[in-house]
Each structure stands twice: as structure tokens, then as C-alpha cells.
Amino acid sequence: PPEQDATIARPAATFPDTYRDVASFVHPLRQLYSTPPVPMIATMMGAVAFVLLIAYANLANLLLARSIRRSREFAIRLAIGSSRLRVVRQFLLECLLIALVGGAVGFGLSLYGVREIAVAFEPIEAGVPLGSLDSNRPFHVDISPNAILYAFVGLLSMASAFAFGVLPAWQMSKTDVNDALKAESRSGGSPHGRRWASGLLVAELTLALVLLSSAGLLWRDFLARYWQDPVIDTSGVVTMRLALPAQKYSTPADQKRFLEQLNQRLSEMRAFSAVTMASHVPMEFGAPARELFVEGTEYAAGEKPPLVSYLLTGAHYFETLKLALV
């Protein structure tokens with residue numbers, strides 16, 4: 001990018017020998033992963049959607065029960081000359097007000113929540129409190145709200161108000177004035193309203209069951225990964241990444257010679273008990289893979305051999321990581 005080229009051009013003018021043949025490049029972060037974490041994000045978004053649907057069903061049930069409880073009130077208003085459209089419009093406005101207030105409260109709580117989550121991405125620095133404006137948070141951790149987020153919350157609140165306010169309003173519009181006025185001593189509302197309430201309750205319980213089952217499976221998978229033996233003891237192990245400029249080290253022989261010299265100089269330092277080199281960190285995302293063909297094994301048409309990941313290692317690799325061949 002031009003901005004990054006300009007950033008390198010400034011020190012190159014002062015230190016031409018150091019920055020000779022140095023170029024800049026930018027790759028998206030997702031290219032570091034052989035398998036993008038889309039399934040994990042989709043699972044989390046699906047869980048959030050189920051929670052939202054449960055809240056919607058609960059809200060619709062409450063609004064329906066509220067409309068049934070106020071059926072006599074609406075019947076009296078219709079009897080004294082109020083139009084059905086006006087009664088329904090008033091109920092929808094009440095639902096819209098409830099949805100907007102709930103959306104505003106939820107939006108405020110979400111801002112507090114994401115701010116607390118963002119603290120986990122901040123490096124700990126002496127004299128800089130976590131969550132302050134002077135913190136050195138990575139640039140890609142940007143969770144500040146924008147116009148798209150405001151629009152999404154507003155549209156979602158209004159859509160929920162209309163979607164789950166229309167059913168009770170439609171139920172009220174079919175209210176028979178005479179029957180409603182005669183039903184003062186009865187409770188529970190009309191059979192039609194009770195059927196709608198029962199249907200919403202069944203849908204809510206179904207969604208809750210699916211959500212709890214999914215949460216249980218995710219929690220079991222998390223515990224299995226958490227308690228999995230990583231095999232490699234990372235205590236006291238320091239790693240660093242090095243990329244050789246292709247302009248200066250264009251041939252494998254030049255690259256090998258440099259790496260051998262670097263390994264020798266690092267091995268002579270007393271700060272390290274053991275030094276090794278490898279193309280990737282063990283079990284790193286984005287490690288190269290190739291097909292494994294086993295001698296004597298025949299594959300059917302369309303069947304692919306298994307993929308195995310591999311890495312190139314230097315001397316004393318297993319000794320440095322305290323690994324033994326099985």
C-alpha cells in the first residue's frame with residue numbers, strides 16, 4: 001500500500017544501507033488460518049439468534065396475554081364509538097415504545113460488555129491502566145459502535161415491535177363487543193387467544209430445548225479441548241518469527257547459510273539452554289499440508305488420500321521441546 005511504502009521510505013532515506021531492497025506487503029489476517037474460524041462464529045451467532053427468538057416468543061406471549069386481559073377495555077372503547085383501526089394503532093404504538101426502550105437498554109448493556117471484553121486484548125503496560133484511552137490495544141480490535149450498528153439495533157427493535165405486536169392487535173380487531181362485555185366474570189380470554197398463547201409457549205420451549213442442547217454440546221467440546229494434553233510443555237520456551245527478504249536471500253543456499261549462522265550465534269548465547277529452528281510452531285494454524293500416499297494402498301475413483309500437515313525442523317528440535325519419538 002502507498003501508506004506503508006511511504007512509512008518505509010522515510011527511514012530508508014536516513015539509513016540507506018539498512019533499508020536497501022526492503023519492500024512492504026500486507027496480507028489479510030484470515031490468510032494465517034488454513035481453516036477460517038467461520039464455523040465457530042456461525043455457531044455463536046446461531047446461539048445468539050436462538051436466545052433472541054426465545055425472547056421474541058416470550059415477548060409475544062406477554063403481549064398476547066396483555067391484550068386478552070385488556071379485551072374488556074378495548075370492547076368498551078369500541079362500544080362508545082372508537083374505530084378498530086385506532087385501537088390497533090394505539091396498541092402497536094405501545095409495542096413500539098416498549099421495543100425502543102428495550103433496545104436502548106440492551107444497546108447500553110452491550111456497549112459495556114464489549115468494552116470489558118476488549119480489555120482482554122490489551123497488553124499490560126506499566127503505568128497504563130486497563131481500559132484507558134492511552135492503552136496500546138491492537139488496531140484490529142475495534143469494537144467502537146458505528147452507524148451500521150445503530151441502524152441494526154433500531155431496525156431490529158422496530159421489526160420486533162411490529163412482528164410481535166401485530167398478532168395481539170389482530171386478535172383484538174376480531175373482538176366481538178357483546179361477547180367481551182359479557183365475559184367480565186370469565187377469565188382466560190377466548191379459545192382462539194388461548195390457542196395462540198399455547199402455540200407460542202410450545203415454540204418457546206422448543207427453542208429453549210434446542211439452545212440448551214447446543215450449549216451443552218459446546219460446553220462439552222470446550223472441556224474436552226481444555227483438558228486435552230498439549231504434549232508440549234511451553235514453560236520457559238520463547239519463540240520468534242523471521243522472514244528473510246527475497247531480494248537479498250534469493251536462493252535456498254543463501255537462506256540455509258544465513259539460518260545456520262543465526263542458529264550458531266544463538267546457540268552460543270548463555271541465555272538459552274537449547275536452540276532450534278522450524279518452519280512453523282507446533283500445531284500452528286496455517287501449517288502446510290500435503291497428501292499422504294501409502295505404498296500398497298489403492299484409492300477408489302474420486303477418493304482422495306488423507307492430508308497431513310508437516311514442518312521443516314533444524315537440529316536439536318526434539319531436545320529443545322523436550323519431546324521423545326514414540
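The values are calculated or read from the model by the stated rules, or taken from the named source; none is laboratory data. Please read these numbers as outputs of a predicted model, since none were measured by experiment. Cβ: placed from backbone, ideal geometry, glycine included. Neighbour counts: every protein chain shown. Accessible surface is based on the protein model in full, side chains and every heavy atom, while ligands, DNA and RNA are left aside. Shrake-Rupley method; radii C 1.70, N 1.55, O 1.52, S 1.80 Å.
So which residues in region 248-271 are in contact (Cβ under 8 Å) with a residue 24 or more places away in the chain and hydrophobic (A, V, I, L, M, F, W, C)?
The first filter runs over region 248-271 and keeps only residues in contact (Cβ under 8 Å) with a residue 24 or more places away in the chain, leaving 248, 259, 263.
Leu259, the sole residue that qualifies.
Quick grid of which residues meet (1) surrounded by 12 or more Cβ atoms within 10 Å (Cβ to Cβ); (2) under 22 Å from Ala243 (Cβ atoms):
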site: Val281; (1), (2): yes, yes
site: Glu295; (1), (2): no, no
site: Ala301; (1), (2): no, no
site: Ser309; (1), (2): yes, yes
site: Leu312; (1), (2): no, yes
site: His316; (1), (2): yes, no
site: Thr320; (1), (2): yes, yes
site: Val326; (1), (2): no, no
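Among the residues that make up region 212-227, is at least one of them surrounded by 14 or more Cβ atoms within 10 Å (Cβ to Cβ), on the phi < 0 side of the Ramachandran plot and of a type in the set (A, V, I, L, M)?
yes
Taking region 71-93 only, how many residues are touching a residue at least 40 places away in the same chain (Cβ under 8 Å) and of a type outside the set (Ser, Thr, Tyr)?
Total satisfying the criteria: 11.
Taking region 257-290 as the region of interest, how many residues are over 24 Å from Ser235 (Cβ atoms) and modelled with pLDDT under 90? Don't jump to the end; show me each part of the working.
Filtering region 257-290 down to residues over 24 Å from Ser235 (Cβ atoms) leaves 257-262, 264-265, 286, 288-290.
Filter once more, keeping what is modelled with pLDDT under 90: 286, 288-290.
Matching residues across region 257-290 total 4.
Test Ala300 against the criterion of being of a type in the set (A, V, I, L, M, F, W, C) and touching a Phe, Trp or Tyr at 6+ places or on another chain (Cβ under 8 Å), and give yes or no.
Judged against the criteria, Ala300 is not a match.
Looking at region 218-257, which of its residues are assigned to a loop (DSSP other than H, G, I, E, B), within 37 Å of the chain's Cα centre (by Cα) and among the aromatic types (Phe, Trp, Tyr)?
Scanning region 218-257 gives a single hit, Trp227.
So which of Gln247, Gln255, Gln264 ends up being in contact with a Leu (Cβ under 8 Å, 6 or more places away or on another chain), among the polar types (S, T, N, Q), surrounded by 10 or more Cβ atoms within 10 Å (Cβ to Cβ) and closer than 30 Å to Tyr19 by Cβ?
The unique qualifying residue is Gln255.
Output the residue which, of all residues in region 72-94 that are more than 18 Å from Phe164 (Cα to Cα) and β-branched (Val, Ile, Thr), is modelled with the lowest pLDDT.
Among those that are more than 18 Å from Phe164 (Cα to Cα) and β-branched (Val, Ile, Thr), it is Ile76.
Looking at Lys182, is it at pLDDT below 75, more than 29 Å from the chain's Cα centre (by Cα), closer than 30 Å to Ala55 by Cα and open to solvent by 80 Å² or more (accessible area, probe 1.4 Å)?
So Lys182 fails the test.
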